[in-house]
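Shown next, in structure tokens, is the structure this report addresses.
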Amino acid sequence: MALYEHVFLARQDLAQAQVDALAELATKIVEDGKGKVVKTETWGLRGLAYRIAKNRKAHYVLLEIDAPTGVVAEVERQLGINEDVIRYMTVRVDAHEAGPSAMMRRSDRDRERGERGDRGGRSDRGDRGDRGGDRPRRDDREMAA
């Protein structure tokens, strides 16, 4: 059997329980086709790069699948029919990643930065000094004219 990573985006107005139900639907289709879902990750509600069908945000879900090709085609067909899914993508991989995906590691790293109060190394900039310079202010120039 082949290994796949399947990501789908669900509408922003869905509750988390409804998003989990969509993931369960995909899992059930895979298991009915003699495959298995190795890992399911919910990345949460994230902003989109551009609007898709009037949605500015979407719930992201990743499924790591070990199944025959026909099963993946059926998952894509079912999600394509579902009006709550706005986009999906399936990629065949040589091996599944051990541990959390890159998106989950990134969110963990961002969360740690927020707790520490680290602003990405900006503390070594030093004082920016007087930023006004010798240039006259705008209202002084207007009065001189």
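The values are calculated or read from the model by the stated rules, or taken from the named source; none is laboratory data. All figures in this text were calculated on a predicted structure; none of them were measured in a lab. Virtual Cβ from ideal backbone geometry, glycine too; neighbours counted across all protein chains shown.
Observations on the structure shown:
- If the condition is being assigned to a strand (DSSP E or B) and among the aliphatic types (A, V, I, L, M), then segment 17-52 contributes Val37, Val38, Leu45, Leu48, Ala49, Ile52.
- Residue check, Leu14 surrounded by 16 or more Cβ atoms within 10 Å (Cβ to Cβ), at pLDDT 90 or above and in a loop (DSSP other than H, G, I, E, B): yes
- Filter pass, Ala2 being farther than 26 Å from Arg106 by Cβ and at pLDDT below 95: yes
- Candidates Val61, Val85, Val91 - the one that is under 13 Å from Phe8 (Cβ atoms) and loosely packed, with under 11 Cβ neighbours inside 10 Å: Val91
- Here Arg77 clears all of (1) free of Cβ contacts under 8 Å to residues at least 12 places away in the same chain; (2) part of a strand (DSSP E or B) except the condition numbered (2).
- Answer residue from segment 42-78, given it is hydroxyl-bearing (Ser, Thr, Tyr) and within 18 Å of Ala23 (Cβ to Cβ) and is modelled with the lowest pLDDT among those: Thr42
- Checking each residue in segment 66-89 for being among the polar types (S, T, N, Q) and either out of contact with any helix residue (DSSP H, G or I) (no Cβ under 9 Å at 6 or more places or on another chain) or more than 22 Å from Leu45 (Cβ to Cβ) (or both) picks out Thr69, Gln78.
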